[in-house]
Amino acid sequence: MKKKLNKVAKDTNLFLKKFILKQKKTELLKPIRYGLLPGGKKIRSKLIIDIGKIFKINYYKLIQIGAAVECIHAYSLIHDDLPCMDNDRLRRGKLSTHAKFGESTAILAGNSLLTIAFEILSHPNLKIDYKTKTSLILLLSKSSGHTGIAGGQYSDLKFEGKKQSLKKIIDMQVNKTGKLFSFCCVAPVIVSKKNKYINLFNSIGSKIGLLFQIADDLIDYSGSTKKAGKKTRKDSKKGKATLISLLGYKNTVKYGDKVKLDILTKIKKFGNKTKDLADTINYILIRSK
């Protein structure tokens, strides 16, 4: 699993480095590169590759789509870390972008990464027909804005210090994390034009995103700062609305196992072609144990 994950990360980073290198030189490129590269484990890109394998999509096309997703993800992390948001000074084992370059520069670097994502998807080098590109851009837009990441982050901040229902917490986490995972799962289906599977993989993506967020919350609760690459045990201090705060640690672990089983059950119909996908899903939860 780690070997395959490392290959996807290496290939995605290589594409991003080359793409950024071809950009017009500005003073923002340095904080853009800093916030984007090397850029974590690339689990989102790995999911795109795994599902693309089911539908026999060209690997390099999938890497390009994954690169766009990583730009969106990096933008969201840069903004989440800001003093006006979660106020985190450590990310991926180094100073967060605003701690390194200043708050205003971090905002502008994040904004730039958001637009670079759509530049990648609309670029002529992505050899996909324009109708399909438009569908990808539309879905990624909805996944990133007020109906997705931004809306989820708004709820996350609004819910601090207040007890929330299970439904509200799950809805918030699906928006904040799950919508981008849904894009990763649906994008290869859109490219393959097997539209009858879109709803299924949208649902699978939401659940994978929820599973990822559960794992992240478990890491924050019991993991070390060194291993996580960011400060841990901060959710409870800030009164974050998480499944742990509602259900407790042990019940959240059980809930995560239940979500994982549900995902694995949903993908069984595709047989042996889902082996890599199943490995990635198992890895997401294993990170927290």
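Since every read-out is calculated from the coordinates, none of them should be taken as a lab result. Keep in mind it's a predicted model, so treat the numbers as computed, not measured. Cβ atoms come from the backbone with ideal geometry, glycine included; neighbour counts cover every protein chain shown.
Computed quantities for the displayed model
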read-out	value
Segment 180-289, relative contact order in percent, only Cα pairs under 8 angstrom and at least six apart counted	26 percent
Summed residue charge, Cβ within 13 Å of VAL259's Cβ, Lys/Arg positive, Asp/Glu negative	+2
Cross-link partners of LYS7 among aspartates and glutamates (Cα-Cα below 20 Å; sequence separation of 8 or more within a chain)	ASP50, GLU70, ASP276, ASP279
Under the Karplus curve 6.51 cos²θ - 1.76 cosθ + 1.60, θ = phi - 60°, whole-Hz ³J(HN,Hα) for segment 58-74, x wherever Gly or Pro sits	3, 4, 5, 4, 5, 4, 5, 5, x, 4, 4, 4, 5, 5, 4, 4, 5
Peptides ranked, highest mean first, by Cβ atoms within 10 Å: ranges 110-121, 172-183	172-183, 110-121
Taking the chain and dividing mean pair separation by its residue count, relative contact order in percent (alpha carbons under 8 Å, at least six apart)	19 percent
Distance from segment 57-92 to segment 241-289 (C-alpha centre basis), Å	22 Å
Inter-label distance, nm, simple model (7 Å from Cα along the C-beta direction), LYS254/ILE20	4.5 nm
Positive-end residue, segment 2-286 charge dipole about Cα centroid, Cβ charges, pick of SER104, LEU37, ASN175	LEU37
Computed over segment 112-175: relative contact order in percent, which uses C-alpha pairs under 8 Å that are six or more apart	26 percent
Residue-averaged 222 nm ellipticity for the chain, from DSSP H runs of 4+ at -39500 (n - 2.57), nearest 500	-22000 deg cm²/dmol
Built amide H within the under 5 Å cut-off of LEU95, gap 5+	none
Total charge dipole magnitude, the chain, about the Cα centre, Cβ charges on Lys, Arg, Asp, Glu only, Debye to nearest 20	900 debye
Among HIS146, SER245, ILE214 the positive-end extreme of the charge dipole of segment 2-286 (Cβ point charges)	ILE214
Residue pairs, from the table LYS53/LYS196; LYS4/LYS41; LYS133/LYS269, whose Cα atoms sit over 19 Å apart	LYS133/LYS269
Burial ranking of peptide ranges 151-161, 92-102 (average Cβ count within 10 Å, highest at the top)	92-102, 151-161
Subset of LYS162/LYS234; LYS163/LYS266; LYS2/LYS22; LYS168/LYS268; LYS94/LYS207 violating a 26 Å alpha-carbon distance limit	LYS163/LYS266; LYS2/LYS22; LYS168/LYS268; LYS94/LYS207
